[in-house]
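Okay, so here's the structure we're looking at.
We did not get these values from a lab; they are worked out from the coordinates using the rules stated. These numbers were taken from a predicted model, which means no experiment stands behind them. Cβ placement follows ideal geometry from the backbone for every residue including glycine, while neighbour counts extend to all protein chains displayed.
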Amino acid sequence: MAQGGGLLAEASAMFQVVYHETTRRIDGLEPSGGVGPDHKVAVIHDMAEYDNLTRFDPAYLSADGNHIVGSPPT
């Protein structure tokens with residue numbers, strides 16, 4: 001039972017961002033349907049990155065897809 005609880009806790013410790021494919025600018029959170037042309041969804045597994053999302057305006061998805069940064073990745 002503890003193992004199942006760990007999986008549930010791990011699943012709740014992530015969030016999804018919708019980002020523009022070319023610029024990697026984050027345009028939304030937790031999509032409930034299609035994201036439209038030129039956009040993709042990334043799953044962020046580190047809740048500390050959510051703080052970065054609230055800190056940066058605009059916010060961008062890093063080149064490795066694991067971090068939220070304040071400037072476009074090169």
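Exposure proxy for SER71, SER62, SER32: other Cβ atoms within 10 Å of each Cβ, ordered fewest to most, give SER32, SER71, SER62.
Projected label points at ALA63 and MET14, each 7 Å from Cα along the beta carbon direction, are separated by 2.4 nanometres.
How big is the shadow of the Cα convex hull of region 13-69, averaged over all directions, in nm²? Mind showing how you got there, number by number?
Working: hull surface 14.3 nm².
Convex hull of Cα atoms, orientation-averaged projection: 3.6 nm².
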